[in-house]
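Q: Attaching a single structure in structure tokens format; questions to follow.
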Amino acid sequence: MRAKSDLAAHKVSQTFSNVWLLETDTGRCKVEDFLDAIEQSNFNKLLPVMRRVDANPSYRHPERFKQLSGPVFEFKSHKHRLFCFQADRGFICTDGMKKQKGRRTRQSDRMIESAAQLAERFSKEGTYVE
């Protein structure tokens, strides 16, 4: 059993080895909630990018998967975004959103900052759950 203050990274599925979903100390996984809430067609657009990064963690694409700031990266499919950070065993997804019209929003800025903070915290107290 992990300590209450720990963060846990779970595999997206058994077929993934380098892309993980973050579960916070409250037991909630924001990315899982986000992916469950979007339409299947939008999920189907994000999944190939996640699979590509899982197969090749050094993969970068200016439109589909790029580094935003420090350890923070973004999976992108049209209006949908998944924020993640790079860790020793791959990429850990922290949150997702549907982007509104225009450029960056306060919501995306908050999620980027949150992902950076979670990356630092995970490096100190996070665990991987196979």
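Q: Within segment 14-22, is there a residue that is free of Cβ contacts under 8 Å to residues at least 60 places away in the same chain, under 14 Å from TYR128 (Cα atoms) and surrounded by 12 or more Cβ atoms within 10 Å (Cβ to Cβ)?
A: At the first step, the residues of segment 14-22 found to be free of Cβ contacts under 8 Å to residues at least 60 places away in the same chain are 14-16.
With under 14 Å from TYR128 (Cα atoms) added as a condition, the list becomes 14, 16.
In the following step, the residues that additionally are surrounded by 12 or more Cβ atoms within 10 Å (Cβ to Cβ) were identified as 16.
Checking segment 14-22: at least one residue is free of Cβ contacts under 8 Å to residues at least 60 places away in the same chain, under 14 Å from TYR128 (Cα atoms) and surrounded by 12 or more Cβ atoms within 10 Å (Cβ to Cβ).
Q: From GLY70, GLY27, which residue is exposed (fewer than 12 other Cβ atoms within 10 Å of the Cβ) and within 20 Å of ARG121 (Cβ to Cβ)? It would help to see each step written out before you state the result.
A: Numbers: GLY70 fails: exposed (fewer than 12 other Cβ atoms within 10 Å of the Cβ).
From the options GLY70, GLY27, the qualifying one is GLY27.
Q: Could I ask something else about it? Taking the stated definitions as given, is THR24 under 13 Å from the mean Cα position of the chain (by Cα), β-branched (Val, Ile, Thr) and at pLDDT below 95?
A: On the way: under 13 Å from the mean Cα position of the chain (by Cα): yes; β-branched (Val, Ile, Thr): yes; at pLDDT below 95: yes.
In short, yes.
Q: Does segment 98-105 contain any residue that is in contact with a Leu (Cβ under 9 Å, 6 or more places away or on another chain) and either in contact (Cβ under 8 Å) with a residue 40 or more places away in the chain or within 20 Å of VAL12 (Cβ to Cβ) (or both)? It would help to see each step written out before you state the result.
A: Going residue by residue through segment 98-105, those that are in contact with a Leu (Cβ under 9 Å, 6 or more places away or on another chain) are none.
Taking every residue of segment 98-105 in turn, none turns out to be in contact with a Leu (Cβ under 9 Å, 6 or more places away or on another chain) and either in contact (Cβ under 8 Å) with a residue 40 or more places away in the chain or within 20 Å of VAL12 (Cβ to Cβ) (or both).
Q: Can LYS98 be described as out of contact with any Cys (no Cβ under 7 Å at 6 or more places or on another chain), at pLDDT 95 or above and not hydroxyl-bearing (Ser, Thr, Tyr)? Walk me through how you get there before you give the answer.
A: Numbers: out of contact with any Cys (no Cβ under 7 Å at 6 or more places or on another chain): yes; at pLDDT 95 or above: no; not hydroxyl-bearing (Ser, Thr, Tyr): yes.
It is false that LYS98 is out of contact with any Cys (no Cβ under 7 Å at 6 or more places or on another chain), at pLDDT 95 or above and not hydroxyl-bearing (Ser, Thr, Tyr).
Q: Something else about it: Out of curiosity, is ILE38 more than 14 Å from the chain's Cα centre (by Cα), at pLDDT below 95 and β-branched (Val, Ile, Thr)? Reasoning before the result, please.
A: Values: more than 14 Å from the chain's Cα centre (by Cα): yes; at pLDDT below 95: yes; β-branched (Val, Ile, Thr): yes.
So ILE38 passes the test.
The values are calculated or read from the model by the stated rules, or taken from the named source; none is laboratory data. Nothing here was measured: the structure is a model prediction, and the numbers come from that model. With ideal geometry, Cβ positions are generated from the backbone for all residues, glycine too; neighbour counts draw on all protein chains shown.
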